[in-house]
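The values are calculated or read from the model by the stated rules, or taken from the named source; none is laboratory data. Source: prediction; values computed, not measured. So basically every Cβ, Gly included, is an ideal-geometry build from the backbone, and we count neighbours across all protein chains shown. SASA here: full protein model, heavy atoms, side chains in, ligands and nucleic acids out. Shrake-Rupley method; radii C 1.70, N 1.55, O 1.52, S 1.80 Å.
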Amino acid sequence: DAASHQLICSATDTSLSLVESVPCKVHAAGSLTISVKNLQSVVRTLPEDNVRVTGQDNSWAKISCRRIEFRLMGMPETDFPS
């Protein structure tokens, strides 16, 4: 199923929304809600290589690439507008 091999990113400022699908390998389905500013700050510092995104307890996300690892605080998915 092609949908199971997609990272679907959604962003909104409540008046404008954006949705983007990115091909990826999915090991376990899930969802995360994190600040796009924080995510952009992290991703722009990573080397060009595979990036791993892992959801953790209490709405935290672990972003890792090679030996680099970041933890970002998120919020419950239910707090994000649909």
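Here the chain yields Rg over Rh of 0.94, to two decimals, using C-alpha coordinates and the Kirkwood radius.
Taking amide H as placed 1.01 Å from N in the peptide plane, the amide H of residue 6 sits under 5 Å from that of 24, each at least 5 places away or on another chain. What you get for the chain, charging only the Cβ of Lys and Arg (+1) and of Asp and Glu (-1), is a dipole of about 360 debye around the Cα centre. Heavy-atom surface analysis with a 1.4 Å probe gives the chain a carbon and sulfur content of 52 percent of its accessible area.
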